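One structure is given below, encoded as structure tokens.
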Amino acid sequence: MITKKDHSQKDSHIRKPGIRPSRTKFQWIDIWVRSLVPMGFTVFVILFLSTPLDIPGRNELLPAVVMASVYFWAIYRPKSMPAIGVFCLGLLIDLLNFSIPGIVILLLLIIYGVGVTQRFRLARYNFVLVWLVFSFISLGVFLLQWALTSAFSLKLMPFYSFLFEIIFAIGFYPLLSIIFTWAHRTIADPDQV
Amino acid sequence: MIPLSIQIKQGLAKLVLPLLFVFACLIMLLGQAQPKFVEAVRLKVSDYLAPGYALVEEPFGVLNGFLQNLKNIQHVAAENKALKDENLQLRRWYHVAMGLADENETLKKQLHWMPDPALSFITTRVVADISGVYRKAILVVLDENHKVRPGQVALDGFGLVGRVTEVGDRSARILLINDDSSRIPVRLLNSHAAAIMAGDNSLYPRLIFYPEDKHPVEGERVVTDAKGEALPAGIPIGYVHYIQPGQPVVIPYLPLDRLKIIRIFDYGMQQIVAPDAPGRVVSTKKKNRQGPVASPNMLGHNEE
């Protein structure tokens, strides 16, 4: 039995060897649901930010939130955010959007690739450094999006949206990071069943 | 499951990401090579998701409405006073308008004016704003047996918002007038100049190509022009505003990012074909025809 005190300990997610009763069906469902939280949250954000509600800057917010989510989970729980899943998220955004297909997939995969290959290094850094790395990647990635969109539509796209995307991505990351860290320790942790 | 050694499994796991990168690039190429196919897939997806969107939106719509109500309650007294004043003014205008309508009616009778056909239109709900960062478009839900076709005109309660670009079984996409690729010929009502309204993904489409000697006047009304056979003439769009000296934009009557319900009009542009004229040489491709003119009663604005 894992008590509340153990949650705060750093190595609580490492299962200690020993004999325990085999898991019931409901526990398996619980594990399954918990491991789906990161993907589920991101899909919900994509659908929710597509509804015509009065959310200011909705179009710029969507890529920013999805990028932050993919980056965070790639570093801290890549099992719940697999590469195929990231590809499907990008595909979903591309299919729902009116833009040139494939670009969003590429951007998400780049940010995921950076997160997942550098995860052992990044997870050791403190928050500000992780945030700084995210800021740099998102700057590069959104610049790439702007360049690719401009190249494919054969004209220079307006620069404002790009700036807003960057500002939203960098500005929202700390807030999302707090929520995700909380979720990472509680509702999205399969080891807590 | 095929039994594999740990090394091969690890190797395959490492290959997944590069492979997905290749797939992403392939999809980009596919989008360039086969845009029709991509559009068809997108329409299928939106067709299935359109009811889902309505489900996601509903609870938040209710919540939003409740919060709006709470906000509005605070200003009830002031609003009431303003509305009473406005109502008085509108009543005066109503009588003027009725007088003018009567006069118009008699004049038309004297001239044996052929009345415009009443237009068929459908009213639908906007279920999703499918705008990306570089595109502006919305998705509406439709019946199973609708008659909406690409090229038809979408209006909100006051004026033009866009054109239907793709139609599925249960949904249609509407490209908004502020999309970067939208170019619409317009006419300015006070200065009588023609211009092009060009979207630039901001909320307010710009006015370009207006005559050198007739600059748009601040506040004048903008309606569509029938040039280029894309749209019928006379659909109201908005009014002119200078956001900077020398940079006129059109401000639509309702904000384009908060569309809830729109009407899709069938102007029947296909049916208007010039009568046969024996001996007249017509160029093969380009038919010289003028679209119908949108009068207020065609748009359903008439009183009674």
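The values are calculated or read from the model by the stated rules, or taken from the named source; none is laboratory data. All values reported here derive from a predicted model rather than from experimental measurement. We place every Cβ from the backbone using ideal geometry, glycine too, and count neighbours over all the protein chains shown. Side chains are part of the model used for accessible areas, which takes the heavy atoms of the whole protein and leaves out ligands, DNA and RNA. Shrake-Rupley method; radii C 1.70, N 1.55, O 1.52, S 1.80 Å.
Quick look at the numbers
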read-out: Largest-first ordering by accessible area, 1.4 Å probe, given options A:Ile167, A:Ile179; value: A:Ile167, A:Ile179
read-out: Share of Cα-Cα pairs in the range B:110-182 lying beyond 13 Å, as whole percent; value: 69 percent
read-out: Rounded to the nearest 20 debye, dipole of the range A:44-193 from Cβ charges on Lys, Arg, Asp, Glu; value: 380 debye
read-out: Between the range B:16-38 and the range B:86-145, the alpha-carbon center distance in angstrom; value: 43 Å
read-out: Inter-chain Cβ neighbour average for residues B:133-142, partner chain, 10 Å; value: 6
read-out: Environment charge of A:Met81, counting only residues whose C-beta is closer than 15 Å and scoring Lys/Arg +1, Asp/Glu -1; value: +3
read-out: Acute angle (nearest 10 degrees) that the helix B:76-111 long axis makes with the longest principal axis of chain B, alpha-carbon atoms; value: 60 degrees
read-out: Nearest 10 degrees, 0 to 90: helix A:160-185 Cα axis against chain A principal axis; value: 0 degrees
read-out: Positive-end extreme of charge dipole, the protein assembly as shown - chosen from A:Leu144, A:Ser22, B:Ala154 (charges on Cβ); value: A:Ser22
read-out: 18 Å Cα-Cα reach of B:Lys44 towards aspartates and glutamates, excluding residues that sit fewer than 8 places from it in its own chain; value: A:Asp94, B:Asp129, B:Asp143, B:Glu144, B:Glu166, B:Asp169
read-out: Cβ-based net charge around B:Ile264, under 15 Å, with every Lys or Arg adding one and every Asp or Glu removing one; value: +4
read-out: Gaussian network model of chain B, Cα within-10 Å springs - most flexible of B:Val167, B:Val96, B:Val153; value: B:Val96
read-out: Within a Gaussian network of chain B (alpha carbon springs, distance under 10 Å), most fluctuating of B:Val148, B:Val133, B:Val223; value: B:Val133
read-out: Calculated from backbone phi, Karplus (6.51, -1.76, 1.60) coupling profile of the range B:34-47 in Hz, x at Gly/Pro; value: 10, x, 4, 5, 4, 4, 4, 4, 4, 5, 4, 4, 5, 4
read-out: Solvent-accessible surface ranking, highest first, for B:Ile6, B:Ile184 at 1.4 angstrom; value: B:Ile6, B:Ile184
read-out: More than 18 angstrom apart: percent of Cα pairs within the range A:13-79; value: 56 percent
read-out: GNM top mover of B:Ala33, B:Ala128, B:Ala137 - chain B, alpha-carbon springs below 10 Å; value: B:Ala33
read-out: Where chain B is the region considered: accessible area per residue in Å², 1.4 Å probe; value: 63 Å²
read-out: Principal-axis tilt of helix A:58-76 within chain A, Cα atoms, nearest 10 degrees; value: 40 degrees
read-out: Charge dipole magnitude, Cβ of K and R +1, D and E -1 - chain B, Cα centre, debye nearest 20; value: 840 debye
read-out: 15 Å beta-carbon shell around B:Pro51, net charge (K/R +1, D/E -1); value: -3
read-out: Charge dipole (debye, nearest 20) of the protein assembly as shown; +1 at Cβ of Lys and Arg, -1 at Cβ of Asp and Glu; value: 2000 debye
read-out: With every protein chain in place, the range B:9-50: carbon and sulfur % of accessible area (1.4 Å); value: 76 percent
